[in-house]
Amino acid sequence: MGGTAGAGTTTPRPSTLLTASVADRPDHPARRVLVVLPYVLLGLATLLALLDPGQSARDLLTTVVLVTVTALWALFMNTLRPPPRTRPTWSVVLFMGVQTTLAGLLTGHRGIFFLFALIGFMQAYEVLPPVWGFLCVTATSILVNILPAGVPNNRDWITITVLVVLAQIFLIGWFGFLGQRFTEESEQRRQALAQLEAALAENDGLHAQLLIQAREAGVHDERQRMAHEIHDTLAQGLAGIITQLQAADRTREDPRQWQHHMDHVHALARESLAAARRSVAAVRPTELDDSHLPEAITGLATRWSRESGVPVRVETTGDPRPMLAEIEITMFRVAQEALTNIAKHARASKVGVTLSYLDDLVMLDVRDDGVGFAMADVAEPGTAPDGTGFGLRAIRQRLERVDGTLTVETAPGDGTAINASIPTTVENES
């Protein structure tokens, strides 16, 4: 609602609830016009009344007294007080009732004061609640159409006057009511939009905090996982190798025992190397350290094309946006695995890669025009008939860890198309 100093100590009228006329805002042009216009109309009517010749001193004195009382009433009961919509209903109804009565007395005294009485039409719905506003329009219409010329004594003039009054009441009252409703609804929409924007800003802040905490927790968990992995595999494997080497050193004189220990060393070394590779594969790709997912996949495809000699076309659709690290890592690894499989098995002459950002999904399509295969002949999901495998099983397992899905379309001689999709959690950029 609009307001001025001191308005906080008053009680808003129940009829307006959360809405208020734009004219109640002190800086709004309509508010300034409604404050000044009554004095302009009253001054103009007073000047014309005083210039009318043939008046007695009593008539002039009556005019001056009524004008002075009206001006002081408007000054102290409206102009110097808070905006009407912030005051109790009874206070505004009293102000408008007395002002309309004074306008009636002035117009009955000198007809030219109907100019001042017209202010009732303008103030009715900007100052009063709907019902009181309609009554004010009715009283003002009767006042300006009957008092200046007196009550008509001709039946035709009476009929015309009544019709004019009814027409004014209907048109001004009805359209004034619609205008007020439109203003109040606009104010409601403005306030609702402001509240929604504030709520969205607050949610964005909370979301950003949650994402920061999730990233910090993810980094901590990853460090713990790597520490356990090193302790449980690499460290124990290296300790075992050292133990076997020490044992082999003690049995140099016995070739069979020495070879037995060296065989154990080789086995432990192979196991440790495999464990190291598994750990490295789970770490975030370096390509994602300094670039977003679209740039990383484009760089991957460019390098793959240079090494394989197969041209690759990379496209990105939708609006790229940062996502949780786990999603970006999974999508990059899927693209990496798919291109590796094409190089090994597809014998393709061209490849297409499309990364698509939808409202709540990110999708990766990798297509080739290679030899393809028959899905009906696949013995195990993701395994080729010859047993060498297309890596689809590894891709599917990666996607399942982030609630993603994998779709494969292929046929012998028709190439292969894989589609990976993952629900996204958007990260706000700050």
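Some notes on this structure:
- Residue within the range 334-343 that is open to solvent by less than 10 Å² (accessible area, probe 1.4 Å) and in contact with a Lys or Arg (Cβ under 8 Å, 6 or more places away or on another chain) present: yes
- Any chance residue 416 is over 30 Å from residue 205 (Cα atoms), open to solvent by 40 Å² or more (accessible area, probe 1.4 Å), modelled with pLDDT of 90 or more and touching a strand residue (DSSP E or B) at 6+ places or on another chain (Cβ under 7 Å): no
Every residue, every condition in (1) more than 14 Å from residue 34 (Cα to Cα); (2) open to solvent by 20 Å² or more (accessible area, probe 1.4 Å), yes or no:
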residue: 44; (1), (2): yes, yes
residue: 49; (1), (2): yes, no
residue: 84; (1), (2): no, no
residue: 91; (1), (2): yes, no
residue: 98; (1), (2): yes, yes
residue: 113; (1), (2): yes, no
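- Test: residue in the range 22-35 that is among the charged types (D, E, K, R), open to solvent by less than 40 Å² (accessible area, probe 1.4 Å), under 48 Å from the mean Cα position of the chain (by Cα) and modelled with pLDDT under 90: yes
- Candidates 302, 340, filtered to the one that is part of a helix (DSSP H, G or I), farther than 20 Å from residue 358 by Cα, modelled with pLDDT of 90 or more and polar (S, T, N, Q): 302
- Boolean, residue 283 is at pLDDT below 90, closer than 20 Å to residue 398 by Cβ and not in a helix (DSSP H, G or I): yes
- Taking (1) surrounded by 13 or more Cβ atoms within 10 Å (Cβ to Cβ); (2) modelled with pLDDT of 70 or more; (3) not polar (S, T, N, Q) in turn, residue 205 satisfies each apart from (1).
- Any hit, the range 71-83, residues being farther than 20 Å from residue 128 by Cα, free of Cβ contacts under 8 Å to residues at least 12 places away in the same chain and of a type in the set (A, V, I, L, M, F, W, C): yes
- From the options 193, 166, 171, 178, residue that is open to solvent by 50 Å² or more (accessible area, probe 1.4 Å), out of contact with any Gly (no Cβ under 8 Å at 6 or more places or on another chain), assigned to a helix (DSSP H, G or I) and at pLDDT 80 or above: 193
- Residues that are of a type in the set (Asp, Glu), at pLDDT 70 or above and either surrounded by 15 or more Cβ atoms within 10 Å (Cβ to Cβ) or touching a Gly at 6+ places or on another chain (Cβ under 9 Å) (or both) occur in the range 248-271; there is at least one.
The values are calculated or read from the model by the stated rules, or taken from the named source; none is laboratory data. Keep in mind that this is a model prediction, so the values were computed, not measured. Cβ sites come from the backbone with ideal geometry, for glycine too, and all protein chains shown count toward neighbours. These accessible areas exclude ligands, DNA and RNA; they are computed on the full protein's heavy atoms, side chains included. Shrake-Rupley method; radii C 1.70, N 1.55, O 1.52, S 1.80 Å.
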